[in-house]
1. Picking from Ala50, Ala104, which residue would you name as being modelled with pLDDT of 95 or more, assigned to a loop (DSSP other than H, G, I, E, B), touching a helix residue (DSSP H, G or I) at 6+ places or on another chain (Cβ under 6 Å) and buried (at least 17 other Cβ atoms within 10 Å of the Cβ)?
2. How many residues does the range 306-337 contain that are under 24 Å from the mean Cα position of the chain (by Cα) and among the acidic types (Asp, Glu)?
3. Just to be sure I understand, how many residues within the range 185-221 are loosely packed, with under 14 Cβ neighbours inside 10 Å, acidic (Asp, Glu) and either farther than 24 Å from Arg251 by Cβ or in contact with a helix residue (DSSP H, G or I) (Cβ under 6 Å, 6 or more places away or on another chain) (or both)?
4. Name the single residue, out of those in the range 281-294 being at pLDDT 95 or above, under 24 Å from the mean Cα position of the chain (by Cα) and of a type in the set (A, V, I, L, M, F, W, C), that is farthest from Pro360 (Cα to Cα).
5. Would you confirm whether any residue within the range 56-72 is among the hydrophobic types (A, V, I, L, M, F, W, C), closer than 30 Å to Leu292 by Cα and in contact (Cβ under 8 Å) with a residue 60 or more places away in the chain?
6. Determine which member of the set Ala62, Ala57 is out of contact with any His (no Cβ under 9 Å at 6 or more places or on another chain), hydrophobic (A, V, I, L, M, F, W, C), at pLDDT 95 or above and farther than 28 Å from Val250 by Cα.
7. When both residues are 6+ apart or on different chains and their Cβ atoms are under 6 Å apart, which pairs have a first residue that lies in the range 6-23 and is assigned to a helix (DSSP H, G or I), and a second that is acidic (Asp, Glu) and at pLDDT 95 or above?
8. Report yes if some residue within the range 163-179 is farther than 20 Å from Ala215 by Cβ, among the small types (Gly, Ala, Ser) and either in contact with a helix residue (DSSP H, G or I) (Cβ under 6 Å, 6 or more places away or on another chain) or at pLDDT 55 or above (or both); otherwise report no.
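The values are calculated or read from the model by the stated rules, or taken from the named source; none is laboratory data. Fair warning: this is a prediction, and the values are worked out from it, not measured in the lab. For neighbour counting, all protein chains shown are included, and Cβ atoms are generated from backbone atoms with ideal geometry for every residue, glycine included.
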Amino acid sequence: MKLDWLKDVALDPGPHVSVYVDATRDRETGAHDIDLRWRDARAALAGQGAPEPALAALDSVATEPTGLGGPLGRAMVATASGLELDVVLPAPPVREEATTGPVAHLMPLVRSTADDVRYVLVELDRAGADITVARSDTVEAPRKQTVEGGHDLLHKVPGGGWAALRYQHAVQDSWDHNAAAVADELAAVVRAERPEVVLLTGDTKAAAALKDKAAPVVLDLLVEVQGGGRAAGTRERAFAANVAHALDEVRARRRQAVVDRFTQERGRQGLAVEGMGPVVAALRAGQVATLLLLDDPRAGGHLWAGPGPLEVATTTSDLHALGVQDVEEVRADAALVRALAASDAEIELVPRPEEDGEEPLLTMTDGIGALLRYAT
């Protein structure tokens, strides 16, 4: 997962105020509950010494409606200079938090979007297609467009003879022209949006025609999903489950690719390190390309940090040796995300085993490792 969208926050010296709340309003008392939660969080933040201008900036958004229904969360970050982030989350946070300090607490936000998959859904028939650009784990509204090929001889009929054969060829020609129109538009969408996967559903003959016309940039990402289409009567629940399964497979492949590369490089002892000390040292040097972290929302731990985003260490003496005198103890996960975002690095959260005795996907010292840009 790229963290470039958090870079401005990472580079800001703070202090920061970070708030994660349940923003669900569907309940009868939803709005009142949100007001009470913000009032309590604000009082707690003031007690922690949060800058009043930052609290005032949060006042302007903390209780405002999101305009969306269903269970939601909200992540907000502010400094004395004003609001830095206001992100509506697709689900309430694992736990509500309100903290202030020199480093913004961004890990809950990272965790809530870590499994996000940008995808394109193509619902196809022989006349054209509905193409939807969407994301799996954000509240960003899907964007849908319709492509109609314009050729309307769509159905072959049984029969023989010269006239019937000519008609069959004309129908096939219509399918091919319509598929070509969809293929051209789909290639443009894929090049512009850069999705991780293109999901194709609908009429099987139209799908075959589309695959015959599709550009390599589309074919490389294409996955067929059963149960959908443009026709009325689609079983929406079953189709949604099939889409969810396809997206889970994308996530699993993405994660496994990082884990496999880490395992390979760790064996070579060159472009991978593990354990908090070596990883933090690599972060200070700007070596980290991708951080692998065992995903545990309950994990604690602290690191020492200076004003600069890469001034992070497991001991104060490490930073003092570099001439950094203004050192504070901060949350380990907050310091890690700040350094990653500031250095254009990525993060991969490695899931914990769901059941006792289940084989872990990856075992790392201290539950942390990193793929490096270059060897020391």
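1. Values: Ala50 fails: touching a helix residue (DSSP H, G or I) at 6+ places or on another chain (Cβ under 6 Å).
Among Ala50, Ala104, only Ala104 is modelled with pLDDT of 95 or more, assigned to a loop (DSSP other than H, G, I, E, B), touching a helix residue (DSSP H, G or I) at 6+ places or on another chain (Cβ under 6 Å) and buried (at least 17 other Cβ atoms within 10 Å of the Cβ).
2. Total satisfying the criteria: 1.
3. 1
4. The qualifying residue farthest from Pro360 (Cα to Cα) is Leu283.
5. Taking the range 56-72 and keeping what is among the hydrophobic types (A, V, I, L, M, F, W, C), we get 56-58, 61-62, 68, 72.
Filter once more, so that each one left must be closer than 30 Å to Leu292 by Cα: 72.
Those left that are additionally in contact (Cβ under 8 Å) with a residue 60 or more places away in the chain: 72.
Within the range 56-72 (the criterion being among the hydrophobic types (A, V, I, L, M, F, W, C), closer than 30 Å to Leu292 by Cα and in contact (Cβ under 8 Å) with a residue 60 or more places away in the chain), the answer is yes, since at least one residue qualifies.
6. Details: Ala62 fails: at pLDDT 95 or above.
None of the others qualify; the one that does is Ala57.
7. Hits for this filter: Val9/Glu84.
8. In the first step, residues of the range 163-179 are kept if they are farther than 20 Å from Ala215 by Cβ; the result is 163-174.
Narrowing further to those that are among the small types (Gly, Ala, Ser): 163-164, 170, 174.
Okay, now just the ones that are also either in contact with a helix residue (DSSP H, G or I) (Cβ under 6 Å, 6 or more places away or on another chain) or at pLDDT 55 or above (or both), so 174.
Looking for residues that are farther than 20 Å from Ala215 by Cβ, among the small types (Gly, Ala, Ser) and either in contact with a helix residue (DSSP H, G or I) (Cβ under 6 Å, 6 or more places away or on another chain) or at pLDDT 55 or above (or both), one finds at least one in the range 163-179, hence yes.
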